[in-house]
Structures are given as structure tokens and as C-alpha cells.
Amino acid sequence: MDLDSNDRKLLNRLQIGLPLVRRPWNAIAEELELRQEDVLQRLERLKKEGFIRRIGGVFNPAGLGFRGCLYAMAVREDLFYQTAAVVNRYRGVTHNYRRRSRLNMWFTLTSWTEEERGAILETIREAAGGPLLYEFPSEQLFKLKVFLNMEGKADASAITPSPNLNGGATSKQEPCKIEIMDLQLIRELQGDLPLSPEPYTEIANKTGCSLEEVFLRLQALQAGGALKRIGAVLKHREAGFSANGLFICVLPEEHIPEAGKRLAGYSEVSHCYKRRAHPDWPYNLYAMIHGPDEASVRKVAEQFVRREGIKDYDILFSTEELKKTSFSI
């Protein structure tokens with residue numbers, strides 16, 4: 001179905017985050033000059049129609065003491081889907097894609113210990129017939145901000161990069177101090193926030209906390225970097241962003257910090273990292289670029305490489321979403 005202007009405004013606002021107040025839907029409604037009942041009805045419909053994947057907590061694994069990494073491998077076609085089934089059964093795997101590349105399976109894995117990680121990866125390699133498994137840890141973070149602009153995808157964003165909020169920080173982060181009650185709140189927020197007038201009150205009642213304590217704990221988790229936001233996660237294709245390409249390029253080490261910041265400034269870029277290079281895979285700057293079609297993704301990438309004078313690059317388009325879910329514990 002078609003989205004009207006209020007649907008689009010609501011989807012944009014909820015990607016930014018839901019306020020930590022007793023009646024958050026009412027606060028959003030007032031901000032958008034709508035009625036709370038209208039907001040809740042729209043959200044029910046947008047979820048039913050498939051535009052919204054979920055509305056809940058978006059957590060940072062590193063802030064909770066977990067370690068995540070990107071992996072890729074070349075899987076034989078006759079083993080591809082049985083390998084995907086093995087990869088996807090692990091809770092620590094949140095994303096798994098088939099990409100147009102000699103490395104055709106790309107997945108992320110988050111784990112608590114190195115022993116757990118090693119055992120999972122060995123099982124995956126065995127299922128795939130023992131191919132070389134490429135590890136691409138993040139060495140520097142330039143951007144991690146998924147925002148699908150539902151109120152217009154103007155070309156201007158690809159001409160004048162927007163300010164980068166991450167500032168080229170390294171990926172290392174000290175985990176928050178997490179208590180038992182924090183874990184209960186995290187588990188409640190890993191699902192969908194109730195579409196009721198006072199969703200946080202319902203969570204407080206389920207966990208045995210007072211509403212004031214819920215807010216204090218969630219604010220502490222946000223301040224410590226464990227909780228990114230409470231908001232809407234959209235389904236890319238249903239939202240009109242049917243193409244996503246993993247842009248990869250080779251840059252001299254000394255050029256990466258400034259080039260990474262400039263690449264992260266494009267609004268079409270949701271993720272941007274410096275990652276480990278390999279002798280037969282020399283790419284060291286990575287970015288996820290989203291657009292309504294492959295041509296729009298290529299336009300952003302090609303503008304960037306022209307500006308930076310980059311010769312060695314590629315765009316690995318996703319051709320199949322094998323798994324996509326939020327991090328959970």
C-alpha cells in the first residue's frame with residue numbers, strides 16, 4: 001500500500017528513537033501534530049503491511065561485553081543453503097547475506113568468548129566443505145547509523161555529505177556494568193514494545209521495577225553505550241530501499257582516517273569501517289550504501305571514488321537476505 005505524508009513522518013521519527021517518558025506515543029503524536037490513537041493505529045497497520053520489522057531496543061554488543069565480527073567465505077552452490085541453515089541457527093548471527101562476489105556468503109557473528117566463537121566457526125566451515133574463512137574485524141569505526149529517509153531520497157545528499165556523528169572512533173569499547181535487573185529489561189526490550197498508551201509501565205510491571213527505576217536504568221545503559229536507542233527498525237525493501245551494496249576499496253593506511261569520515265558523511269551510507277585486509281583480499285575501507293536501485297548505489301560510490309582518486313574498489317550487491325535480526329542475549 002502507499003504511504004501518506006504522516007506515515008512517512010512517523011517512520012522517520014521512530015527511527016531516531018522513542019522518548020523515555022510515561023506516555024511516549026502521546027509525546028510523538030504531539031510532536032507530529034497527530035492524535036495518540038492515530039499514531040497507534042498507523043503503527044499497527046505499518047507493522048502488518050511489513051514496513052516495520054520491530055519497535056524495541058537496539059543494543060550495542062560491545063557495550064554489553066560481547067565481541068562481534070564480519071566473516072565471508074566462498075561456498076559451493078551445492079552446499080550453499082545447507083551451510084546457510086547452519087550459520088543461521090546461531091543466535092549470535094544477526095545478519096547473513098548472499099552477495100555478488102567470489103566470496104558469496106557474508107555474515108556477522110557475536111559471541112561472549114573466543115572458545116565459543118572458535119567452536120561455531122569450525123562447525124560452519126565443516127558445513128561449507130572447509131573453505132577459507134575470511135575474518136574482517138573492525139579496526140576503526142566511522143559510522144554506524146541506520147536511517148532510511150522516508151520523506152524523500154534527494155540526490156543532494158550524495159552531493160553534499162552530511163556531518164558524521166561518529167567522529168572516526170576506534171571500535172574498542174569498555175562494556176557497561178550490567179546487573180540482573182538490567183538483563184531483565186534488556187530481554188523485555190529485545191522484542192516489540194507494546195503498542196499501548198504506557199508501554200514502559202507494562203515493562204515495569206513485568207520486571208517488578210518501578211517506572212522511575214526503569215527510566216534510570218535505561219538512561220544508564222544509554223549513557224554507557226550499551227543501548228543505542230529504543231525505536232523502529234524498518235524492512236529495507238518494503239521501505240523502498242531495495243538495493244544495498246557493500247562498497248569496498250583499497251586506500252593507503254594514512255589516507256583512511258580522513259577518507260573514512262568523508263564516506264561516512266553520505267546519508268546513503270549506514271555503516272562505515274576500516275577493516276582488516278588480507279593478501280588476496282586487499283580492501284581496507286568498507287561501507288554499506290542503500291538506495292532504491294543499484295544505479296543509485298553506484299552513483300554514490302562512483303562519486304566518492306572520483307573525489308578520492310581511488311582505483312581499486314568494488315560494490316558487492318546483496319542478492320539474498322538469508323538472515324536479518326536484532327542482537328539478543
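Largest mean-square fluctuation among ALA85, ALA128, ALA239, in a Gaussian network model of the chain whose springs join Cα atoms under 10 Å apart, belongs to ALA85.
Calculate the translational D of region 37-104 in whole µm² s⁻¹ from Stokes-Einstein, where the hydrodynamic radius comes from the Kirkwood formula applied to all Cα pairs, the temperature is 4 °C and the viscosity 1.567 mPa s. In µm²/s, the coefficient rounds to 84. Applying 1/(1 + (r/R0)^6) with R0 = 25 Å to the Cβ-Cβ distance of GLU135 and GLU254 gives a FRET efficiency near 0.55. Stretching LYS177 away from ARG306 to a fully extended chain increases their span by 41.9 nm, per 0.36 nm per residue minus the current alpha-carbon distance.
Which whole-angstrom value gives the distance between the alpha carbon centres of region 59-100 and region 202-244? The distance from the Cα centre of region 59-100 to that of region 202-244 comes to 23 Å.
Looking at (i) -0.22, -1.08, -1.24, -1.39; (ii) -0.20, -0.97, -1.11, -1.24; (iii) -0.25, -0.98, -1.08, -1.18, which value of log10 I(q)/I(0) by the Debye sum over Cα atoms at q = 0.06, 0.13, 0.14, 0.15 Å⁻¹ comes from a calculation on the structure shown? Label of the calculated value: (i).
Considering the zone a paramagnetic label at ALA85 would reach in this model (a point 7 Å from Cα along the Cα-to-Cβ line), which residues of region 119-151 have amide N under 18 Å from it? Within reach of a label on ALA85: 123-130. Placing R0 at 51 angstrom, the Cβ-Cβ distance between GLU126 and GLU202 gives a FRET efficiency of 0.70 after rounding to 0.05. Rounded to the nearest 0.05, the FRET efficiency derived from the C-beta distance between ALA223 and HIS95 at R0 = 41 Å is 0.95.
Around the Cα centre of region 188-271, unit charges on the Cβ atoms of Lys, Arg, Asp and Glu (plus for the first two, minus for the last two) sum to a dipole of about 160 debye.
Stokes-Einstein diffusion of region 5-53 at 10 °C, 1.306 mPa s viscosity, Kirkwood radius from Cα pairs, rounded to a whole number: 146 µm²/s.
Cross-link pairs exceeding 26 Å in C-alpha to C-alpha distance, out of LYS9/LYS145; LYS143/LYS324; LYS206/LYS235; LYS47/LYS228; LYS228/LYS274, comprise LYS206/LYS235.
The modelled label-to-label distance for the pair LEU195/GLU49, using points 7 Å beyond Cα in the direction of Cβ, is 1.2 nm.
In this rough spin-label picture, where each label sits 7 Å from Cα along the Cβ direction, the GLU151-ASP293 distance is 2.6 nm.
Here, each number is a calculation from the coordinates, and none is a lab measurement. These numbers come from a predicted model, not from an experiment. Using ideal geometry, Cβ is built from the backbone for each residue, glycine included, and neighbour counts are taken over all protein chains shown.
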